[in-house]
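The values are calculated or read from the model by the stated rules, or taken from the named source; none is laboratory data. In this text the structure is predicted, and so the values were computed from the model without any measurement. All Cβ positions, even for glycine, are placed from backbone atoms using ideal geometry, and neighbour counts span all protein chains on display.
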Amino acid sequence: MKDIWYLYCFEANQAHYAEAIIKDPLMVRAADHLAQHAYGPFSMKSLSDALGLSPVQFTRRFKHAYNMPPTDYLTRHRLQKACSLLVTTAMTLDEIAEQCGYENGFYLSRVSPKKWK
């Protein structure tokens, strides 16, 4: 299983996410917040409230700015860290999952193939 995960991480790191120049400073702030707090609990409601938007407004604006919903942006950061930890450490999948904001290794292994397509 670990060899398959290594292969997956290698291929996932080859994918490049071209981010356009974002003209919405509020969404830049949201993306910075997501990146800084990617490995802990996430609440769409609390982040959208902090930005002064409803969750629907926030999701629409974020998707317009980054071509993906905020949850996918968050997942991308988590999976990139998981791939890095898998390649550079001897941690178990459960330990890596915990470091990346997931409940356990099984859940991480279920999330990853769906999000890197």
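Can Cys100 be described as of a type outside the set (Asp, Glu) and modelled with pLDDT of 90 or more? When the stated conditions are applied, Cys100 passes them.
Listed residues Leu34, Leu74, Leu47, Leu53; which is modelled with pLDDT of 90 or more and in a loop (DSSP other than H, G, I, E, B)? Can you show your working first?
Numbers: Leu34 fails: in a loop (DSSP other than H, G, I, E, B); Leu74 fails: in a loop (DSSP other than H, G, I, E, B); Leu47 fails: in a loop (DSSP other than H, G, I, E, B).
Leu53 is the lone residue from the list that is modelled with pLDDT of 90 or more and in a loop (DSSP other than H, G, I, E, B).
For the stretch 56-71, what are the residues that are loosely packed, with under 15 Cβ neighbours inside 10 Å and part of a loop (DSSP other than H, G, I, E, B)? Let's see the steps before the verdict.
Going through the stretch 56-71, the residues loosely packed, with under 15 Cβ neighbours inside 10 Å turn out to be 56-57, 60, 64, 67, 71.
Of everything in the stretch 56-71, just one residue is loosely packed, with under 15 Cβ neighbours inside 10 Å and part of a loop (DSSP other than H, G, I, E, B), namely Asn67.
Could you list, in sequence order, the residues of the stretch 26-49 that are among the aliphatic types (A, V, I, L, M) and within 23 Å of Cys100 (Cβ to Cβ)? Outline the logic, then answer.
To start, the set of residues in the stretch 26-49 that are among the aliphatic types (A, V, I, L, M) comprises 26-28, 30-31, 34-35, 38, 44, 47.
Residues satisfying the conditions are Ala30, Ala31, Leu34, Ala35, Ala38, Met44, Leu47.
The single condition among (1) exposed (fewer than 15 other Cβ atoms within 10 Å of the Cβ); (2) at pLDDT 90 or above; (3) part of a helix (DSSP H, G or I) that Ala90 does not meet is (3).
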